[in-house]
1. Which angle between 0 and 90 degrees, to the nearest 10, do you get for helix 64-97 versus the longest principal axis of the chain when only C-alpha atoms count?
2. Ranked highest first by average number of other Cβ atoms within 10 Å, how do 34-42, 53-61, 67-75 line up?
3. Assuming 0.692 mPa s and 37 °C, estimate D for segment 1-72 with Stokes-Einstein, Rh taken as the Kirkwood radius over Cα pairs, in µm²/s.
Amino acid sequence: MCLGIPGQVVEIVDAAKKLAKVEVSGVRRQVSLACIVSDEHPIEACIGDWVLVHVGFAMSRINEEEAKKTLELLMELGEAQKELESMQSSHDINLVGNS
């Protein structure tokens, strides 16, 4: 499954190479904006944009509300994954104890 993580463009690192710093939940990473920059939306206009980041590339721009909802959902999924792992560990312990 491919997953895009919402982040906000906070700084242009290299305009010629279309590289920027994007903040994702407090962590800043360098990403390429090449997929979202155009004549109508130049790189300088990207500061403040919310984008979906996948493997080092901003794949698309999204609005802030969508970004926040997606981040909340991803956090919930992370919590659900922890719970499933905890249940699996508990199940494995029960199987060992009952053999």
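1. 20 degrees
2. Output ranking for 34-42, 53-61, 67-75: 53-61, 67-75, 34-42.
3. 277 µm²/s
Taken together, the values in this text are just the output of simple stated rules run on the coordinates, not laboratory data. Being a predicted model, the structure only gives us computed values, none of them experimental. All Cβ positions, even for glycine, are placed from backbone atoms using ideal geometry, and neighbour counts span all protein chains on display.
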